[in-house]
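Mind having a look at this structure? Questions to follow.
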Amino acid sequence: MAPTPKKILVAPAWPYAAGHRHLGHVAGFGVPSDAFARYHRLKGNDVLMVSGTDEHGTPVMVAADGEGKSYAEVADYYNAAFREDFRRLGLSYDCFSRTTTLNHERVTQDFFKTLYAHGAIVEQTQMVSFSPTTGHTLPDRYIEGTCPICGYPEARGDQCDNCGNQLDPIDLVNPRSKIDGTTPEFRETKHLFLDLPKFADALRHWIQKHDDWRPNVRNFSLRLLDEIRSRPITRDLDWGIRIPVPGYAEDENKRIYVWFDAVIGYLSASIEWAAATGDPEAWRDWWQNDESLHSYFQGKDNVVFHTVIWPAMLLGYEQGGEYGAGKGPLQLPDNVFASEFLGLEGKQFSTSRQHSIYIRDFLDRYDPDPLRYYLIAAGPETQDTDFTWAEFVRRNNDEVLANWGNLVNRTLTSAHRNFGVVPEPGELTAEDGALLDGVAGGFETIGEHIENGRFRAALAEAMRLASTVNTYMSDQAPWALVKTDKDRAATVLFVALRAVDSLKTIFTPFLPHTSQVVHELLGHEGYLAGPLVFREVEEEDGRKHEILTGDYRSWVGSWEPSDLQPGQTLQEPRQLFKKLDDSVVEEELARMREAADAA
RNA sequence: GGCGGCGUAGCUCAGCUGGUUAGAGCGUCGGACUCAUAACCCGAAGGUCGGUGGUUCGAGCCCACCCGCCGCUACCA
């Protein structure tokens, strides 16, 4: 009997809607979270993978001003762009939404009101810088000036890159806005703060229990707690969610600070998903259920939000307000898989210097699976790594194509040409059994790797298993047996096809598009990893938006060894991966140079 | 400045709580095979594990110091 499906929340970071996403972004939160989600779906677990675009706050406003568009236009544009990028890459969100929906606003305001009612939000005055041009808050990172300590002329508002000292923007000599060069004004204003110190002990206790977290995440988080301070959760802006508290609600020019509403997105998108399924209470099975597993994926710069701030908010919400409805506390994160950073040709990705490769551009020229392969096999899982075109071409040609692609091709070609169907096997030899047992064992070892966030090791093990099948093929040489002992050839090809069928499943979390092709070539029907779709959602206020989703419950396939049956009709084989010519490297490097020169 | 990480074969990296001749993939060289996208298979060469000094019967793994590289430092994954 199958075990009860586990409720798994997969929570990839919310990308910020102020610029196109590049390879580094999806290497951090995208491909690993999708591999994790797809694996759990194959295991038969109930996965809910939710995210969306983070659309409020200053960076969107700055982008809008720069492009001469409204804030909403910029948000719309990038929301649509990200959805399309992620669809093409095959990131199987159950609901990829956005923060400018009515639903998100309601959930955020409920959260805010509830924390306020529980005494977790306090009012403080704060010295804040304003842009004289727009009248809005100017975040510290948009201010530069001369460092009062070392005299470095381009110190940032929060820190001097030259001497490394932490700074307060008001101390800068000749402060100026990085956006338009004007001199910021400093004014005392009242803001609401999240009382983080109130939660320090509870958080410390909770983090200490999690000795399964990656050490850098755990140590870094514990360190943060030692110096924890209240954080403002309101800003002087006119772009963002209204503050549902007396004295603030009426103020046109105060809104909820963007980071506060962004993390609530995990919850609001779950609620949105539930409503769309016709069972508005369904989200509670993930959020108000001790047995559920919540896994978050983000880059290392975002750790603080996922191990300290969001957990503090969840703790403060307690049994909740309107949405929590007294039905139990909200689940805290179980895993926080923080990635390190991906570099590009030896340097950091930089949008401003146009040292970047955007997802959309990449996918215009290359297939998604080789990219997914690269981002897992050479991704920044435990330390910074580098994307280079030479390495991409090599991994594509010499690893994924030569090993896995070629295995599929050689076994299917042989079987299709000589039998046309999955051949009827005779008695299996010890070698046959050993091969199938070895591949079958992969479901457990690779599954364990994936569950523990060791995607790199999981994929390496899958590749090793593919090698064992290649070796088996070479040893058994069915192409020769066909002429001398056709029955034995049938058995060998049967065994090889079963192994390929199993490997197809094992590779699905990483290479869903090509696994779907293998699935079809082997004569199976249905979607192993079907298309992702956009679906329109209309809210009560009449506004509409599109989400990225998919019909994952109809997907066939399960995380267990193949039971491929003799007699199943095979399709004419076709190649899974395109061989890339070495000239690609020089072309792409030239393209990057042009882009950088134009910037 | 604070904190953290990294430095192991040509390249990218594994090496868990210290224990026989330090591993993998790719690359290179040689061979075999010829079903397969000149792919696949076998074999070989190649490293004083950044440096110095300790602890230990024994250290790539622990400690100290040093050199080099990198990241985070609270709105760039």
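The values are calculated or read from the model by the stated rules, or taken from the named source; none is laboratory data. Because the structure is predicted, anything quoted here is derived from the model rather than measured. Cβ atoms come from the backbone with ideal geometry, glycine included; neighbour counts cover every protein chain shown.
Quick grid of which residues meet (1) among the aromatic types (Phe, Trp, Tyr); (2) more than 13 Å from RNA strand B (Cβ to nearest atom); (3) crowded, with 16+ Cβ neighbours inside 10 Å:
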| residue | (1), (2), (3) |
| --- | --- |
| A:HIS205 | no, yes, no |
| A:LYS209 | no, yes, no |
| A:ARG214 | no, no, yes |
| A:ARG218 | no, no, yes |
| A:ASP226 | no, no, no |
| A:ILE233 | no, no, yes |
| A:VAL245 | no, yes, yes |
| A:TYR248 | yes, yes, yes |
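Okay, moving on. How many residues are more than 10 Å from RNA strand B (Cβ to nearest atom) and closer than 20 Å to A:GLU123 by Cβ if we restrict to region A:257-274?
Here the count works out to 1.
Here is a further query. Mind counting the residues in region A:21-59 that are out of contact with any Leu (no Cβ under 7 Å at 6 or more places or on another chain) and either more than 9 Å from RNA strand B (Cβ to nearest atom) or within 21 Å of A:SER270 (Cα to Cα) (or both)?
24
Kindly provide the set of residues from region A:534-550 that are touching a residue at least 40 places away in the same chain (Cβ under 8 Å) and either of a type outside the set (D, E, K, R) or part of a loop (DSSP other than H, G, I, E, B) (or both), ordered by number.
Those that are touching a residue at least 40 places away in the same chain (Cβ under 8 Å) and either of a type outside the set (D, E, K, R) or part of a loop (DSSP other than H, G, I, E, B) (or both): A:PHE534, A:VAL537, A:GLU539, A:GLU540, A:ASP541, A:ARG543, A:HIS545, A:ILE547, A:LEU548, A:THR549, A:GLY550.
Go through (1) polar (S, T, N, Q); (2) more than 19 Å from the chain's Cα centre (by Cα); (3) within 8 Å of RNA strand B (Cβ to nearest atom) and name the single condition A:ASN302 misses.
Going through the list (1) polar (S, T, N, Q); (2) more than 19 Å from the chain's Cα centre (by Cα); (3) within 8 Å of RNA strand B (Cβ to nearest atom), A:ASN302 breaks only (2).
Quickly run through region A:551-588 and pick out the residues that are more than 27 Å from the chain's Cα centre (by Cα), part of a helix (DSSP H, G or I) and more than 16 Å from RNA strand B (Cβ to nearest atom).
If the condition is that a residue be more than 27 Å from the chain's Cα centre (by Cα), part of a helix (DSSP H, G or I) and more than 16 Å from RNA strand B (Cβ to nearest atom), then A:GLU586, A:GLU587 are the ones that fit.
Let me ask you something else. Among the residues of region A:201-218, are any among the basic types (Lys, Arg), modelled with pLDDT of 85 or more and part of a helix (DSSP H, G or I)?
yes
Sticking with this structure for a sec: List the strands (runs of 3 or more DSSP E) inside region A:45-149, counting only whole elements, that have at least 2 residues being modelled with pLDDT under 85 and surrounded by fewer than 19 Cβ atoms within 10 Å (Cβ to Cβ).
Passing ranges, in order: A:121-130.
A:SER554 is checked against (1) among the polar types (S, T, N, Q); (2) without any contact (Cβ under 8 Å) to a residue 12 or more places away in the chain; (3) closer than 30 Å to A:THR99 by Cα and fails just one. What number does that condition carry?
A:SER554 satisfies all of (1) among the polar types (S, T, N, Q); (2) without any contact (Cβ under 8 Å) to a residue 12 or more places away in the chain; (3) closer than 30 Å to A:THR99 by Cα except (2).
Could you check A:PHE419 against (1) farther than 27 Å from A:LEU344 by Cα; (2) of a type outside the set (Ser, Thr, Tyr); (3) in contact with a Lys or Arg (Cβ under 7 Å, 6 or more places away or on another chain) and say which number it fails?
Going through the list (1) farther than 27 Å from A:LEU344 by Cα; (2) of a type outside the set (Ser, Thr, Tyr); (3) in contact with a Lys or Arg (Cβ under 7 Å, 6 or more places away or on another chain), A:PHE419 breaks only (3).
Going by the conditions given, is A:ASN470 in contact with a Leu (Cβ under 8 Å, 6 or more places away or on another chain), modelled with pLDDT under 95 and on the phi < 0 side of the Ramachandran plot?
For A:ASN470, the condition - in contact with a Leu (Cβ under 8 Å, 6 or more places away or on another chain), modelled with pLDDT under 95 and on the phi < 0 side of the Ramachandran plot - is met.
Out of region A:298-327, which residues are assigned to a helix (DSSP H, G or I) and charged (D, E, K, R)?
A:LYS300, A:ASP301
Continuing with the same structure: Every residue in region A:415-450 that is under 41 Å from the mean Cα position of the chain (by Cα), more than 16 Å from RNA strand B (Cβ to nearest atom) and in a helix (DSSP H, G or I), please.
A:ASP432, A:GLY433, A:LEU436, A:ASP437, A:ALA440, A:GLY441, A:PHE443, A:GLU444, A:GLY447
Do the conditions hold for A:PHE193, that is, is it in contact (Cβ under 8 Å) with a residue 40 or more places away in the chain, in contact with a helix residue (DSSP H, G or I) (Cβ under 6 Å, 6 or more places away or on another chain) and either within 13 Å of RNA strand B (Cβ to nearest atom) or aromatic (Phe, Trp, Tyr) (or both)?
In short, no.
Go over the candidates A:GLY453, A:GLY405, A:GLY420 one by one and state the one that is at positive phi, crowded, with 19+ Cβ neighbours inside 10 Å and of a type outside the set (Val, Ile, Thr).
Just one listed residue meets the conditions, A:GLY453.
Results for (1) at pLDDT 95 or above; (2) in contact with a Phe, Trp or Tyr (Cβ under 8 Å, 6 or more places away or on another chain); (3) of a type in the set (D, E, K, R), shown as yes or no for each residue.
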position	(1), (2), (3)
A:GLN516	yes, yes, no
A:LEU521	yes, no, no
A:ALA529	no, yes, no
A:LEU532	yes, yes, no
A:ARG535	yes, no, yes
A:GLY542	no, no, no
A:GLU546	yes, yes, yes
A:GLY557	no, no, no
A:GLN565	yes, no, no
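Report, by residue number, each residue of region A:257-281 that is without any contact (Cβ under 8 Å) to a residue 24 or more places away in the chain and surrounded by fewer than 19 Cβ atoms within 10 Å (Cβ to Cβ).
A:THR277, A:GLY278, A:ASP279, A:PRO280, A:GLU281
Would you point out the residue of region A:472-489, among those that are under 43 Å from the mean Cα position of the chain (by Cα) and of a type outside the set (Ser, Thr, Tyr), that is farthest from RNA strand B (Cβ to nearest atom)?
Here the answer is A:GLN476.
Continuing with the same structure: Would you be able to say whether some residue in region A:523-531 is surrounded by 15 or more Cβ atoms within 10 Å (Cβ to Cβ) and more than 30 Å from A:ARG83 (Cβ to Cβ)?
Yes, some residue in region A:523-531 is surrounded by 15 or more Cβ atoms within 10 Å (Cβ to Cβ) and more than 30 Å from A:ARG83 (Cβ to Cβ).
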